[in-house]
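Asker: The structure under discussion is supplied below as C-alpha coordinates; questions concerning it will follow.
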Amino acid sequence: MSVQAEGTFYVQGIGSRPKLHVSADGTGVVGHAGARLLADLADATGLTRAFSATLRPLRPRGTGHDPGRIATDLAVMLADGGEAITDLAVLRDQNEVFGPVASTPTAWRLLAAVDGRVLDRLRSARAQAREVAWLQASETRSGIPAVRAGGREVPGLVLDIDATLITCHSEKEAAAPTYKGGFGFHPLVCFLANTGEGMSGRLRPGNAGANTAADHIAVLDDALAQIPDAHRHGTDILVRTDSAGSAKAFLTHVRDLHKRGIRTFFSVGYAVTEPVRRAIRALPEQVWHPALDQDGTLRESAEVAELTGMVDLTGYPAGTRVIARRERPHPGAQLSLFDQDEGMRHQVFLTDTPYSGGGSAQFLEVRHRHHATVEDHIRCGKTTGFGRFPSRHFAINSAWLELSLTAIDLLAWTRVLLLDGELANAEPRKLRYRILHVAARITRGGRRLHLRISTTWPWRHELTAAFHRLTALPRPAS
(Lines give C-alpha, C1' and ligand atoms only; values in the text may rest on other atoms or scores of the structure.)
Protein backbone atom coordinates (compact mmCIF):
# COMPACT_ATOMS: atom_id res chain seq x y z
CA MET A 1 0.00 0.00 0.00
CA SER A 2 1.33 3.46 -0.85
CA VAL A 3 0.15 7.05 -0.43
CA GLN A 4 -0.79 8.79 -3.70
CA ALA A 5 -1.98 12.10 -2.31
CA GLU A 6 -2.69 13.55 1.11
CA GLY A 7 -5.56 11.56 2.64
CA THR A 8 -5.79 9.16 -0.31
CA PHE A 9 -4.37 5.65 -0.30
CA TYR A 10 -3.72 3.28 -3.16
CA VAL A 11 -4.41 -0.34 -2.23
CA GLN A 12 -2.64 -2.88 -4.40
CA GLY A 13 -4.98 -5.59 -5.61
CA ILE A 14 -4.24 -9.08 -4.32
CA GLY A 15 -5.09 -11.99 -6.56
CA SER A 16 -8.47 -11.39 -8.18
CA ARG A 17 -9.52 -8.55 -5.86
CA PRO A 18 -9.98 -5.18 -7.56
CA LYS A 19 -7.61 -2.30 -6.88
CA LEU A 20 -8.97 0.37 -4.55
CA HIS A 21 -8.33 4.03 -3.92
CA VAL A 22 -9.27 4.80 -0.28
CA SER A 23 -10.13 8.30 0.91
CA ALA A 24 -12.23 9.90 3.63
CA ASP A 25 -14.19 12.36 1.52
CA GLY A 26 -17.42 10.42 0.82
CA THR A 27 -20.78 12.18 1.08
CA GLY A 28 -24.35 10.92 1.22
CA VAL A 29 -23.25 7.61 2.74
CA VAL A 30 -24.18 6.39 6.24
CA GLY A 31 -23.17 3.43 8.33
CA HIS A 32 -25.16 1.55 10.98
CA ALA A 33 -28.26 2.53 9.03
CA GLY A 34 -30.24 -0.37 10.47
CA ALA A 35 -29.95 1.16 13.94
CA ARG A 36 -32.57 3.65 12.80
CA LEU A 37 -34.97 0.70 13.13
CA LEU A 38 -34.29 0.64 16.87
CA ALA A 39 -34.75 4.38 17.25
CA ASP A 40 -38.07 4.31 15.40
CA LEU A 41 -39.22 1.30 17.43
CA ALA A 42 -38.50 3.23 20.63
CA ASP A 43 -40.81 5.94 19.31
CA ALA A 44 -43.47 3.47 18.13
CA THR A 45 -43.71 1.77 21.53
CA GLY A 46 -43.90 5.09 23.35
CA LEU A 47 -40.56 4.51 25.07
CA THR A 48 -39.09 7.85 23.98
CA ARG A 49 -42.19 9.74 25.07
CA ALA A 50 -42.28 7.92 28.42
CA PHE A 51 -38.61 8.68 29.04
CA SER A 52 -39.19 12.32 28.13
CA ALA A 53 -42.05 12.66 30.61
CA THR A 54 -40.00 10.95 33.31
CA LEU A 55 -36.84 13.00 32.79
CA ARG A 56 -38.46 16.36 32.02
CA PRO A 57 -37.46 17.84 35.42
CA LEU A 58 -33.81 17.25 34.49
CA ARG A 59 -34.06 19.59 31.50
CA PRO A 60 -32.68 22.97 32.61
CA ARG A 61 -35.14 25.77 31.85
CA GLY A 62 -36.66 23.71 29.04
CA THR A 63 -33.65 24.26 26.78
CA GLY A 64 -31.11 21.99 25.17
CA HIS A 65 -31.56 18.34 24.30
CA ASP A 66 -34.62 16.47 25.59
CA PRO A 67 -33.32 14.20 28.41
CA GLY A 68 -35.72 11.44 27.35
CA ARG A 69 -34.35 11.53 23.84
CA ILE A 70 -30.80 11.36 25.22
CA ALA A 71 -31.70 8.26 27.25
CA THR A 72 -33.28 6.65 24.20
CA ASP A 73 -30.25 7.43 22.05
CA LEU A 74 -27.98 5.86 24.68
CA ALA A 75 -30.14 2.72 24.67
CA VAL A 76 -30.07 2.58 20.86
CA MET A 77 -26.30 3.00 20.90
CA LEU A 78 -25.93 0.12 23.40
CA ALA A 79 -28.28 -2.10 21.39
CA ASP A 80 -26.18 -1.32 18.33
CA GLY A 81 -23.10 -2.62 20.12
CA GLY A 82 -21.61 0.56 21.58
CA GLU A 83 -19.48 0.16 24.68
CA ALA A 84 -18.87 3.70 25.91
CA ILE A 85 -20.71 7.02 25.99
CA THR A 86 -18.31 8.34 23.38
CA ASP A 87 -19.80 5.80 20.96
CA LEU A 88 -22.79 8.13 20.66
CA ALA A 89 -20.67 9.73 17.94
CA VAL A 90 -21.87 6.97 15.57
CA LEU A 91 -25.39 8.42 15.84
CA ARG A 92 -24.44 12.06 16.34
CA ASP A 93 -22.25 12.29 13.24
CA GLN A 94 -25.03 10.95 11.01
CA ASN A 95 -27.53 13.70 11.64
CA GLU A 96 -29.51 13.02 8.46
CA VAL A 97 -30.51 9.58 9.75
CA PHE A 98 -30.67 10.01 13.53
CA GLY A 99 -31.39 13.70 13.92
CA PRO A 100 -29.76 15.84 16.63
CA VAL A 101 -27.93 13.69 19.19
CA ALA A 102 -26.48 15.03 22.42
CA SER A 103 -22.77 15.50 22.94
CA THR A 104 -20.78 13.22 25.20
CA PRO A 105 -20.61 15.78 28.08
CA THR A 106 -24.38 16.32 27.87
CA ALA A 107 -25.00 12.58 28.10
CA TRP A 108 -22.65 12.36 31.08
CA ARG A 109 -24.55 15.13 32.86
CA LEU A 110 -27.84 13.33 32.34
CA LEU A 111 -26.53 10.07 33.80
CA ALA A 112 -25.03 11.95 36.74
CA ALA A 113 -28.46 13.45 37.51
CA VAL A 114 -30.18 10.07 37.77
CA ASP A 115 -30.67 9.25 41.45
CA GLY A 116 -32.69 6.47 43.05
CA ARG A 117 -36.05 8.20 42.57
CA VAL A 118 -35.37 8.97 38.92
CA LEU A 119 -34.21 5.39 38.41
CA ASP A 120 -37.56 4.13 39.72
CA ARG A 121 -39.36 6.44 37.29
CA LEU A 122 -37.23 5.14 34.42
CA ARG A 123 -38.34 1.62 35.33
CA SER A 124 -41.97 2.76 35.26
CA ALA A 125 -41.41 4.30 31.83
CA ARG A 126 -39.98 1.01 30.57
CA ALA A 127 -43.06 -0.80 31.89
CA GLN A 128 -45.34 1.59 29.99
CA ALA A 129 -43.49 0.95 26.74
CA ARG A 130 -43.49 -2.80 27.38
CA GLU A 131 -47.26 -2.79 27.71
CA VAL A 132 -47.55 -1.10 24.32
CA ALA A 133 -45.05 -3.50 22.72
CA TRP A 134 -46.95 -6.52 24.03
CA LEU A 135 -50.25 -5.10 22.78
CA GLN A 136 -48.64 -4.55 19.37
CA ALA A 137 -47.42 -8.16 19.42
CA SER A 138 -50.95 -9.42 20.13
CA GLU A 139 -52.48 -7.27 17.39
CA THR A 140 -49.92 -7.82 14.63
CA ARG A 141 -48.41 -11.19 15.52
CA SER A 142 -49.47 -14.10 17.72
CA GLY A 143 -48.56 -12.38 20.97
CA ILE A 144 -45.76 -13.22 23.36
CA PRO A 145 -44.32 -16.63 22.40
CA ALA A 146 -44.37 -19.53 24.82
CA VAL A 147 -41.24 -21.14 26.23
CA ARG A 148 -40.69 -24.69 25.00
CA ALA A 149 -39.09 -27.42 27.09
CA GLY A 150 -39.17 -31.18 26.72
CA GLY A 151 -40.92 -30.93 23.36
CA ARG A 152 -43.92 -29.01 24.72
CA GLU A 153 -44.94 -25.50 25.66
CA VAL A 154 -44.53 -24.18 29.17
CA PRO A 155 -47.75 -22.33 30.00
CA GLY A 156 -47.56 -18.65 30.88
CA LEU A 157 -44.42 -16.59 31.44
CA VAL A 158 -41.00 -17.70 32.68
CA LEU A 159 -38.68 -15.40 34.63
CA ASP A 160 -35.03 -16.42 34.96
CA ILE A 161 -32.97 -14.79 37.72
CA ASP A 162 -29.21 -15.12 37.93
CA ALA A 163 -26.14 -13.23 39.08
CA THR A 164 -22.99 -12.58 37.09
CA LEU A 165 -19.55 -11.13 37.71
CA ILE A 166 -18.37 -7.99 35.93
CA THR A 167 -14.65 -7.33 36.10
CA CYS A 168 -13.44 -3.78 36.75
CA HIS A 169 -9.91 -2.86 35.78
CA SER A 170 -9.86 0.31 37.87
CA GLU A 171 -11.17 1.52 41.22
CA LYS A 172 -14.91 2.23 41.04
CA GLU A 173 -17.33 3.02 43.83
CA ALA A 174 -18.67 -0.21 45.43
CA ALA A 175 -16.42 -2.43 43.31
CA ALA A 176 -15.01 -5.18 45.51
CA PRO A 177 -13.15 -8.51 45.39
CA THR A 178 -15.31 -11.35 44.08
CA TYR A 179 -15.62 -14.94 45.25
CA LYS A 180 -13.67 -16.06 42.18
CA GLY A 181 -10.66 -13.95 43.08
CA GLY A 182 -11.45 -11.10 40.69
CA PHE A 183 -12.51 -7.51 41.32
CA GLY A 184 -15.62 -5.67 40.23
CA PHE A 185 -19.40 -5.92 40.48
CA HIS A 186 -21.85 -8.76 41.03
CA PRO A 187 -25.19 -7.64 39.51
CA LEU A 188 -28.35 -9.71 39.84
CA VAL A 189 -30.53 -9.69 36.72
CA CYS A 190 -33.83 -11.13 35.55
CA PHE A 191 -34.74 -12.07 31.97
CA LEU A 192 -38.05 -13.13 30.45
CA ALA A 193 -37.31 -16.51 28.86
CA ASN A 194 -40.24 -16.11 26.43
CA THR A 195 -38.65 -13.21 24.54
CA GLY A 196 -35.23 -12.49 26.05
CA GLU A 197 -36.35 -9.12 27.45
CA GLY A 198 -34.24 -7.71 30.28
CA MET A 199 -36.91 -7.29 32.93
CA SER A 200 -34.90 -6.02 35.88
CA GLY A 201 -31.47 -5.80 37.42
CA ARG A 202 -29.69 -4.53 40.50
CA LEU A 203 -26.06 -3.46 40.49
CA ARG A 204 -24.25 -4.87 43.53
CA PRO A 205 -20.70 -4.85 44.89
CA GLY A 206 -18.44 -7.69 43.84
CA ASN A 207 -18.61 -9.24 47.31
CA ALA A 208 -22.41 -9.33 47.40
CA GLY A 209 -23.77 -12.71 48.40
CA ALA A 210 -25.06 -14.92 45.59
CA ASN A 211 -27.93 -16.30 47.67
CA THR A 212 -29.14 -13.07 49.30
CA ALA A 213 -32.91 -13.44 49.65
CA ALA A 214 -33.52 -9.68 49.91
CA ASP A 215 -31.82 -9.05 46.56
CA HIS A 216 -33.75 -11.85 44.86
CA ILE A 217 -37.01 -10.46 46.23
CA ALA A 218 -36.18 -6.94 45.02
CA VAL A 219 -35.22 -8.11 41.52
CA LEU A 220 -38.30 -10.33 41.26
CA ASP A 221 -40.64 -7.54 42.39
CA ASP A 222 -39.04 -5.17 39.87
CA ALA A 223 -39.53 -7.77 37.14
CA LEU A 224 -43.16 -8.37 38.06
CA ALA A 225 -43.77 -4.61 37.94
CA GLN A 226 -42.56 -4.69 34.32
CA ILE A 227 -45.23 -7.21 33.29
CA PRO A 228 -48.42 -5.55 32.00
CA ASP A 229 -51.42 -5.90 34.30
CA ALA A 230 -53.31 -8.09 31.83
CA HIS A 231 -50.49 -10.67 32.05
CA ARG A 232 -49.38 -10.17 35.66
CA HIS A 233 -52.78 -11.23 36.97
CA GLY A 234 -54.35 -14.47 35.77
CA THR A 235 -51.25 -15.82 34.00
CA ASP A 236 -48.96 -18.51 35.42
CA ILE A 237 -45.52 -17.01 36.07
CA LEU A 238 -42.69 -19.47 36.69
CA VAL A 239 -39.66 -18.12 38.57
CA ARG A 240 -36.45 -20.05 37.94
CA THR A 241 -33.09 -19.64 39.65
CA ASP A 242 -30.06 -21.73 40.46
CA SER A 243 -29.40 -22.85 44.04
CA ALA A 244 -28.69 -19.22 45.04
CA GLY A 245 -32.46 -18.66 44.95
CA SER A 246 -33.36 -21.53 47.27
CA ALA A 247 -33.51 -19.36 50.42
CA LYS A 248 -36.68 -20.04 52.39
CA ALA A 249 -37.49 -16.33 52.64
CA PHE A 250 -37.40 -15.91 48.86
CA LEU A 251 -39.54 -18.96 48.14
CA THR A 252 -42.02 -17.88 50.81
CA HIS A 253 -42.23 -14.51 49.07
CA VAL A 254 -42.91 -16.21 45.73
CA ARG A 255 -45.77 -18.14 47.34
CA ASP A 256 -47.14 -15.11 49.22
CA LEU A 257 -47.58 -13.27 45.92
CA HIS A 258 -50.66 -15.45 45.42
CA LYS A 259 -52.39 -13.27 48.02
CA ARG A 260 -52.02 -10.35 45.61
CA GLY A 261 -53.52 -12.32 42.74
CA ILE A 262 -50.18 -13.08 41.09
CA ARG A 263 -49.88 -16.77 40.19
CA THR A 264 -46.16 -17.28 40.70
CA PHE A 265 -44.49 -20.69 41.00
CA PHE A 266 -40.85 -21.56 41.55
CA SER A 267 -38.25 -23.95 40.20
CA VAL A 268 -34.92 -23.41 41.96
CA GLY A 269 -31.69 -25.33 42.35
CA TYR A 270 -30.95 -26.98 45.68
CA ALA A 271 -27.65 -27.92 47.27
CA VAL A 272 -26.75 -31.60 47.42
CA THR A 273 -26.42 -31.75 51.20
CA GLU A 274 -25.78 -34.81 53.33
CA PRO A 275 -29.52 -35.48 53.90
CA VAL A 276 -30.01 -35.29 50.13
CA ARG A 277 -27.14 -37.74 49.57
CA ARG A 278 -28.68 -40.20 52.04
CA ALA A 279 -32.05 -39.91 50.28
CA ILE A 280 -30.45 -40.54 46.88
CA ARG A 281 -28.60 -43.59 48.17
CA ALA A 282 -31.83 -44.93 49.66
CA LEU A 283 -33.74 -44.74 46.37
CA PRO A 284 -34.40 -48.11 44.72
CA GLU A 285 -33.30 -48.35 41.10
CA GLN A 286 -36.83 -48.82 39.77
CA VAL A 287 -37.89 -45.29 40.77
CA TRP A 288 -35.35 -43.68 38.46
CA HIS A 289 -36.90 -42.76 35.09
CA PRO A 290 -35.17 -41.66 31.86
CA ALA A 291 -34.63 -37.90 31.59
CA LEU A 292 -35.76 -35.90 28.59
CA ASP A 293 -33.93 -33.70 26.12
CA GLN A 294 -35.36 -30.31 25.18
CA ASP A 295 -36.99 -31.77 22.07
CA GLY A 296 -38.86 -34.34 24.16
CA THR A 297 -36.72 -37.35 23.25
CA LEU A 298 -35.08 -39.53 25.90
CA ARG A 299 -31.71 -38.30 27.12
CA GLU A 300 -29.03 -40.94 27.04
CA SER A 301 -27.41 -41.91 30.37
CA ALA A 302 -29.55 -39.48 32.41
CA GLU A 303 -32.32 -40.31 34.88
CA VAL A 304 -34.74 -38.46 37.14
CA ALA A 305 -36.33 -39.40 40.46
CA GLU A 306 -38.54 -37.73 43.05
CA LEU A 307 -37.15 -37.24 46.57
CA THR A 308 -40.25 -35.57 48.01
CA GLY A 309 -40.96 -36.94 51.48
CA MET A 310 -37.39 -38.19 51.92
CA VAL A 311 -35.79 -34.78 52.65
CA ASP A 312 -36.81 -32.48 55.50
CA LEU A 313 -38.33 -29.33 53.99
CA THR A 314 -39.46 -27.66 57.20
CA GLY A 315 -39.84 -23.93 56.63
CA TYR A 316 -40.40 -24.22 52.89
CA PRO A 317 -43.79 -23.45 51.33
CA ALA A 318 -46.38 -26.23 51.56
CA GLY A 319 -46.35 -28.48 48.49
CA THR A 320 -42.64 -28.04 47.76
CA ARG A 321 -41.24 -31.00 45.86
CA VAL A 322 -37.64 -32.24 45.61
CA ILE A 323 -36.48 -33.80 42.36
CA ALA A 324 -33.05 -35.24 41.59
CA ARG A 325 -31.28 -35.94 38.34
CA ARG A 326 -28.26 -38.15 37.78
CA GLU A 327 -26.17 -38.43 34.64
CA ARG A 328 -22.97 -39.96 33.44
CA PRO A 329 -20.45 -37.10 33.72
CA HIS A 330 -18.98 -35.71 30.55
CA PRO A 331 -15.17 -35.44 30.26
CA GLY A 332 -13.84 -32.57 32.35
CA ALA A 333 -16.96 -32.22 34.55
CA GLN A 334 -16.32 -31.00 38.08
CA LEU A 335 -17.53 -33.68 40.48
CA SER A 336 -17.98 -33.75 44.23
CA LEU A 337 -16.63 -36.62 46.29
CA PHE A 338 -20.19 -37.99 46.43
CA ASP A 339 -20.44 -37.90 42.63
CA GLN A 340 -17.09 -39.61 42.30
CA ASP A 341 -18.16 -42.35 44.69
CA GLU A 342 -21.45 -42.91 42.87
CA GLY A 343 -19.94 -42.54 39.40
CA MET A 344 -22.74 -40.14 38.44
CA ARG A 345 -23.19 -36.40 38.49
CA HIS A 346 -26.17 -35.36 40.63
CA GLN A 347 -28.29 -32.19 40.54
CA VAL A 348 -31.31 -31.40 42.70
CA PHE A 349 -34.00 -28.72 42.49
CA LEU A 350 -37.14 -27.61 44.33
CA THR A 351 -40.47 -26.74 42.75
CA ASP A 352 -44.01 -26.12 43.93
CA THR A 353 -45.61 -27.16 40.63
CA PRO A 354 -48.28 -29.69 41.67
CA TYR A 355 -48.50 -33.24 40.37
CA SER A 356 -51.70 -32.41 38.49
CA GLY A 357 -51.44 -30.29 35.36
CA GLY A 358 -48.34 -31.79 33.79
CA GLY A 359 -46.16 -31.90 36.86
CA SER A 360 -44.33 -35.16 36.13
CA ALA A 361 -40.79 -35.28 37.46
CA GLN A 362 -39.39 -35.82 33.95
CA PHE A 363 -41.02 -32.72 32.50
CA LEU A 364 -40.27 -30.54 35.54
CA GLU A 365 -36.61 -31.52 35.37
CA VAL A 366 -36.19 -30.65 31.70
CA ARG A 367 -38.15 -27.45 32.31
CA HIS A 368 -35.78 -26.51 35.11
CA ARG A 369 -32.72 -27.41 33.03
CA HIS A 370 -33.94 -24.89 30.44
CA HIS A 371 -32.98 -22.23 33.01
CA ALA A 372 -29.44 -22.57 31.62
CA THR A 373 -30.52 -20.32 28.73
CA VAL A 374 -30.21 -17.38 31.13
CA GLU A 375 -26.45 -17.73 30.69
CA ASP A 376 -26.93 -16.95 26.99
CA HIS A 377 -29.01 -13.89 27.84
CA ILE A 378 -26.33 -12.67 30.26
CA ARG A 379 -23.59 -13.28 27.71
CA CYS A 380 -25.51 -11.24 25.15
CA GLY A 381 -26.29 -8.60 27.77
CA LYS A 382 -22.58 -8.13 28.36
CA THR A 383 -22.25 -7.12 24.70
CA THR A 384 -25.23 -4.79 25.10
CA GLY A 385 -23.99 -2.52 27.84
CA PHE A 386 -23.47 -4.19 31.19
CA GLY A 387 -20.27 -5.99 30.28
CA ARG A 388 -18.47 -2.84 31.36
CA PHE A 389 -19.47 0.17 33.41
CA PRO A 390 -18.28 3.64 32.39
CA SER A 391 -18.05 5.62 35.61
CA ARG A 392 -16.32 5.71 38.96
CA HIS A 393 -19.70 6.55 40.54
CA PHE A 394 -22.09 3.77 41.55
CA ALA A 395 -25.25 5.79 40.78
CA ILE A 396 -24.15 6.46 37.20
CA ASN A 397 -23.32 2.79 36.68
CA SER A 398 -26.75 1.83 38.07
CA ALA A 399 -28.37 4.11 35.48
CA TRP A 400 -26.15 2.56 32.81
CA LEU A 401 -27.40 -0.91 33.79
CA GLU A 402 -31.01 0.27 33.41
CA LEU A 403 -30.30 1.65 29.94
CA SER A 404 -28.55 -1.60 29.06
CA LEU A 405 -31.71 -3.50 29.99
CA THR A 406 -33.64 -1.03 27.82
CA ALA A 407 -31.32 -1.81 24.92
CA ILE A 408 -31.91 -5.53 25.44
CA ASP A 409 -35.65 -4.83 25.33
CA LEU A 410 -35.35 -2.96 22.03
CA LEU A 411 -33.55 -5.91 20.46
CA ALA A 412 -36.14 -8.34 21.85
CA TRP A 413 -39.05 -6.23 20.56
CA THR A 414 -37.35 -6.01 17.19
CA ARG A 415 -37.26 -9.80 16.97
CA VAL A 416 -40.83 -10.28 18.20
CA LEU A 417 -42.49 -7.46 16.25
CA LEU A 418 -40.45 -6.92 13.10
CA LEU A 419 -38.46 -10.01 12.09
CA ASP A 420 -39.24 -13.48 10.76
CA GLY A 421 -37.42 -16.76 10.30
CA GLU A 422 -33.86 -17.14 11.48
CA LEU A 423 -33.53 -13.49 12.48
CA ALA A 424 -36.54 -13.72 14.82
CA ASN A 425 -34.36 -15.89 17.08
CA ALA A 426 -30.98 -14.31 16.37
CA GLU A 427 -28.59 -13.16 19.06
CA PRO A 428 -27.52 -9.49 19.08
CA ARG A 429 -24.22 -10.21 17.35
CA LYS A 430 -26.00 -11.68 14.33
CA LEU A 431 -28.58 -8.87 14.24
CA ARG A 432 -25.81 -6.30 14.26
CA TYR A 433 -23.82 -7.98 11.50
CA ARG A 434 -26.79 -8.56 9.21
CA ILE A 435 -29.27 -5.80 10.00
CA LEU A 436 -28.06 -2.96 12.21
CA HIS A 437 -24.59 -2.23 10.83
CA VAL A 438 -25.58 -2.08 7.19
CA ALA A 439 -24.38 0.89 5.14
CA ALA A 440 -26.77 2.90 2.99
CA ARG A 441 -26.93 5.99 0.80
CA ILE A 442 -28.98 9.10 1.56
CA THR A 443 -30.82 10.69 -1.36
CA ARG A 444 -33.55 13.27 -1.71
CA GLY A 445 -36.42 13.33 -4.15
CA GLY A 446 -40.10 14.07 -4.19
CA ARG A 447 -39.71 16.09 -0.97
CA ARG A 448 -38.61 12.93 0.77
CA LEU A 449 -35.42 11.67 2.35
CA HIS A 450 -34.55 8.20 1.09
CA LEU A 451 -32.37 5.63 2.83
CA ARG A 452 -31.13 3.38 0.05
CA ILE A 453 -29.71 0.00 1.04
CA SER A 454 -27.43 -1.70 -1.44
CA THR A 455 -29.16 -4.03 -3.88
CA THR A 456 -26.38 -6.57 -3.23
CA TRP A 457 -26.72 -6.67 0.58
CA PRO A 458 -27.75 -10.27 1.43
CA TRP A 459 -30.34 -9.26 4.05
CA ARG A 460 -31.77 -6.16 2.33
CA HIS A 461 -35.23 -7.70 2.01
CA GLU A 462 -35.39 -8.62 5.70
CA LEU A 463 -34.41 -5.08 6.70
CA THR A 464 -36.81 -3.32 4.37
CA ALA A 465 -39.61 -5.68 5.47
CA ALA A 466 -38.83 -4.80 9.09
CA PHE A 467 -39.15 -1.08 8.32
CA HIS A 468 -42.48 -1.72 6.59
CA ARG A 469 -43.79 -3.70 9.58
CA LEU A 470 -42.64 -0.90 11.86
CA THR A 471 -44.65 1.61 9.86
CA ALA A 472 -47.75 -0.58 10.20
CA LEU A 473 -47.54 -0.99 13.99
CA PRO A 474 -50.51 0.50 15.87
CA ARG A 475 -49.38 3.52 17.86
CA PRO A 476 -50.30 4.31 21.48
CA ALA A 477 -52.76 7.15 22.01
CA SER A 478 -51.10 10.48 22.73
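The values are calculated or read from the model by the stated rules, or taken from the named source; none is laboratory data. Since the structure is predicted, the reported quantities are computational estimates derived from the model, not experimental observations. In this analysis, Cβ positions are derived from the backbone assuming ideal geometry, glycine residues included, and neighbour counts consider all displayed protein chains. The area values use the complete protein model at the heavy-atom level, side chains included, leaving out ligands, DNA and RNA. Shrake-Rupley method; radii C 1.70, N 1.55, O 1.52, S 1.80 Å.
Asker: Can you give the convex hull volume of the alpha carbon atoms of segment 361-478 per residue, in Å³?
Answerer: On the way: hull volume 25.0 nm³, N = 118.
Hull volume over Cα atoms, normalised by residue count, gives 211 Å³.
Asker: When Lys and Arg each count +1 and Asp and Glu each count -1, what net charge do the other residues less than 13 Å away from P228, Cβ to Cβ, add up to?
Answerer: Surrounding charge for P228 is 0.
Asker: Still on this structure, please answer the following. Report the charge-dipole magnitude of segment 123-172 in Debye, nearest 20, computed about the Cα centre from +1 at each Lys and Arg Cβ and -1 at each Asp and Glu Cβ.
Answerer: 80 debye
Asker: Put D352, D93, D242 in order of accessible area, largest first, 1.4 Å probe: what do you get?
Answerer: D93, D242, D352
Asker: In addition: Please give, to one decimal in nm, the separation of the simple spin-label points placed at T27 and A214, each 7 Å out from Cα toward the Cβ.
Answerer: 6.2 nm
Asker: Test of understanding: express the Cα radius of gyration of segment 38-193 as a ratio to 2.2 N^0.38 Å, with N the residue count.
Answerer: Against the empirical 2.2 N^0.38 Å value, I get 1.24 for segment 38-193.
Asker: Could you sort V374, V416, V287 by accessible area so the largest value comes first, with the probe set to 1.4 Å?
Answerer: Largest accessible area first, the list is V287, V416, V374.
Asker: How big is the dipole moment of segment 76-123 about its Cα centre under a simple scheme where the beta carbon of each Lys and Arg is +1, that of each Asp and Glu is -1, and everything else is neutral? Debye, nearest 20, please. Intermediate values should be presented prior to the final figure.
Answerer: Values: 5 positive and 7 negative charges, 64 e Å.
The calculated dipole for segment 76-123 is roughly 300 debye.
Asker: Cross-link partners among lysines for K382, C-alpha distance below 19 Å, same-chain residues fewer than 8 apart left out?
Answerer: Candidates past the 8-residue exclusion: K172, K180, K430.
Asker: Over all directions, average the projected area of the Cα convex hull of the chain and note it in nm².
Answerer: Hull-based average projected area comes out at 28.6 nm².
Asker: Note down the net charge around R321, summing +1 for each Lys or Arg and -1 for each Asp or Glu among other residues with Cβ under 12 Å from its Cβ.
Answerer: -3
Asker: Can you pull the accessible area of C380 for me, 1.4 Å probe, Å² to the nearest 10?
Answerer: In the full protein context, C380 sits at about 20 Å².
Asker: Suppose we look only past 29 Å in the calculated P(r) of segment 171-327. What percent of the Cα-Cα pairs does that tail hold?
Answerer: 33 percent
Asker: Could you give the length gained on full extension between D376 and D115, defined as 0.36 nm per residue of separation minus the Cα-Cα distance, in nm? Kindly include the intermediate steps, with their values, before the conclusion.
Answerer: Values: separation 261, 0.36 × 261 = 93.96 nm, distance 3.02 nm.
Contour length minus the Cα-Cα distance gives 90.9 nm.
Asker: Subtract the Cα-Cα distance of L20 and H393 from 0.36 nm times their separation in residues, and report this length gain in nm to one decimal.
Answerer: Details: separation 373, 0.36 × 373 = 134.28 nm, distance 4.68 nm.
Contour length minus the Cα-Cα distance gives 129.6 nm.
Asker: Label A249 and N207 with points 7 Å out from Cα along Cα→Cβ: what is the distance between them in nm?
Answerer: That separation, rounded to one decimal, is 1.9 nm.
Asker: Roughly how compact is segment 103-199, stated as its Cα Rg over 2.2 N^0.38 Å to two decimals?
Answerer: For segment 103-199, the normalised Cα radius of gyration comes out at 1.47.
Asker: So what's the angle, to the nearest 10 degrees on a 0 to 90 scale, between helix 213-226 and the longest Cα principal axis of the chain?
Answerer: 50 degrees
Asker: Of A84, C168, G206, which is farthest towards the positive pole of segment 76-219's charge dipole, taken about the Cα centre with +1 and -1 on the beta-carbons of Lys, Arg and Asp, Glu respectively?
Answerer: Positive-most Cα among the choices belongs to G206.
Asker: Based on the alpha carbons, how large is the Rg to Rh ratio for segment 246-310 when Rh follows Kirkwood?
Answerer: My calculation of the ratio gives 1.08.
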